[in-house]
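Read through the structure below, which is laid out as structure tokens, and then see the notes.
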Amino acid sequence: MREVTLVVQNIGRGAGALDAHPGMPREMIGAQRWPMLVERLKTVTWTEPDGTATTVTPALVALNECEGWDWARLETAAADLGLQPLGICTEGSGNAPAMLYDPAQFGADAEWFTKHSNSSHHGLGLAGFAVPGLPDGKRLGVCVSHLTPFDPDAAKSEAHLVACRAYRYGGYAVALGDFNYLPLVGRHSYDTGPMTAYNWANRFHFPRAFYWQPTGRIGRAIRSMLLKVQRPRPNLKVAKAFHAMRLGDAAALMYQRTRNKQYLAWTCPSMRIDWICLSPALAEALVDYQVITSPEWASDHHAVAVRLDLDRIDHAKANWDYH
């Protein structure tokens, strides 16, 4: 058994000081968030089947929204987490994705590419790890991205790009990040209250009655009645794109195995939008998944972690090369 833990975290606009939020203790306003994120990300604790706890150092930590960061800042973050910096993508909006890793677990031979980042709003980063135990010449591809929240069609195209980049090395592929849209499994679990207008507009399909603007009293009454039965439907273009590319949502995979709804917990105040998606070969290696919520105010997103047993990889499902 060779287990590794992968984590993704949207750190929230460079992990700056805390702004005021509803329910936040007054003394927390202005507090520095990066120390809280270090506490959240430096180790991950897993609950074993017998109820005991195992605490591990992640093999990989992927970050979204490293706004204002450069290589020196990434080196500092890596030192804080006890990891090595691998790369940061600065070609997109400035809310950069980045990656850190543990060479002791993933091997010292690691590659980093930001090719095609100009085709995505926030950019993307692809890592290739020569993980011990993979067949000769094969690498584990891990692509981190933050899909655009502004246009679901553009986000769908970005999802296809992220998936293709994750498969750059063949069938050992992971795509992870803040994907901004509802998943296939858990699609009806959301709260529109905290959403901005552009999030609300882009994350749903609206019934015809929503656009009807009657002027008379009877028309308004009919519209109101129709809206009670014709609810907005989640826009699943992004989720379907990853599904079509055979990248399985780890949270959904664990829920389907166990029927435990804790695996479908939200990753932000309104829905589950931070995902780790695994290729078929790696889905067989999935041991566990969790949403990490503590410390409470570290970010407006929770961290998401998966536990993989590299000895359970189904190599027959990765027996192909990228062309």
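What follows is calculated from the coordinates using simple rules that are stated; it is not laboratory data. Every value quoted in this text rests on a predicted model; they were computed, and no experiment measured them. Cβ: placed from backbone, ideal geometry, glycine included. Neighbour counts: every protein chain shown.
Here are the numbers:
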{"read-out": "Helix-derived mean residue ellipticity, 222 nm - over the chain, DSSP H n ≥ 4, -39500 (n - 2.57), to 500", "value": "-7000 deg cm²/dmol"}
{"read-out": "Set of lysines near Lys115 by C-alpha distance (under 23 Å), chain-local residues within fewer than 8 positions excluded", "value": "Lys138, Lys156"}
{"read-out": "Inter-centroid distance (Cα atoms) of the range 66-93 relative to the range 154-194, Å", "value": "23"}
{"read-out": "Neighbourhood net charge (15 Å Cβ-Cβ; Lys/Arg +1, Asp/Glu -1) for Glu111", "value": "+4"}
{"read-out": "Fewest-first ranking of Arg231, Arg168, Arg26, using other Cβ atoms within 10 Å as the exposure measure", "value": "Arg26, Arg231, Arg168"}
{"read-out": "Packing-based exposure ordering (other Cβ within 10 Å, fewest first) of Ile218, Ile273", "value": "Ile218, Ile273"}
{"read-out": "Order of Thr267, Thr258 under a 10 Å beta carbon neighbour criterion, fewest first", "value": "Thr258, Thr267"}
{"read-out": "Sparse-neighbour loop sites [trypsin sites (Lys or Arg not before Pro); the range 208-273; at most 13 other C-beta within 10 Å; DSSP]", "value": "Arg259"}
